[in-house]
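The values are calculated or read from the model by the stated rules, or taken from the named source; none is laboratory data. Given the structure is predicted, the values throughout are model-derived calculations rather than measurements. Positions of Cβ are generated from backbone atoms using ideal geometry, with glycine treated the same way; all protein chains shown enter the neighbour counts. The accessibility values were calculated without ligands, DNA or RNA, using every heavy atom of the protein model including side chains. Shrake-Rupley method; radii C 1.70, N 1.55, O 1.52, S 1.80 Å.
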Amino acid sequence: MQNNDKAILAQWAKNLLNDDFFKEVLNNLKNEQISVIINTSAEECDRREDAYRHIKTLELITGHLEGIASETVIREKKWKIL
């Protein structure tokens, strides 16, 4: 992938992470899974574990996007160091 393509992808990721609708969707999905964890009975361990994995997946996606978004900043600092 060329530098220009990486810069475009980084900007796209930044825009997505700063988008209020996207943030609201992620927050709602996470809150739904927290609700599952809170409102399950003691016997529903599998449901709580699934909900926990869903939360971790959302965090993984967000973290990946944050990494893409910060790639240009990292590249710029790298050139300043060298």
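Per-structure values
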{"quantity": "Complete set of residues in the stretch 27-52 that are open to solvent by 90 Å² or more (accessible area, probe 1.4 Å) and small (Gly, Ala, Ser)", "calculated": "none"}
{"quantity": "Pairs, first of a type in the set (S, T, N, Q) in the stretch 51-68, second surrounded by 13 or more Cβ atoms within 10 Å (Cβ to Cβ), C-beta under 8 Å, six or more apart", "calculated": "Thr62/Leu17; Thr62/Leu26"}
{"quantity": "Considering residues of the stretch 12-26 that are closer than 15 Å to Gly63 by Cα and open to solvent by 80 Å² or more (accessible area, probe 1.4 Å) only, the residue nearest to the chain's Cα centre (by Cα)", "calculated": "Lys23"}
{"quantity": "Checking Ile55 against (1) of a type outside the set (S, T, N, Q); (2) open to solvent by less than 70 Å² (accessible area, probe 1.4 Å); (3) closer than 25 Å to Gln2 by Cβ, the condition it does not meet", "calculated": "(3)"}
{"quantity": "Candidate set from the stretch 27-67 (those that are under 15 Å from the mean Cα position of the chain (by Cα) and hydrophobic (A, V, I, L, M, F, W, C)); member that is nearest to Ile8 (Cα to Cα)", "calculated": "Leu65"}
{"quantity": "First in the stretch 9-32 and touching a residue at least 60 places away in the same chain (Cβ under 8 Å), second anywhere and open to solvent by 60 Å² or more (accessible area, probe 1.4 Å) and in a helix (DSSP H, G or I), Cβ under 6 Å, 6 or more apart", "calculated": "Ala10/Glu71"}
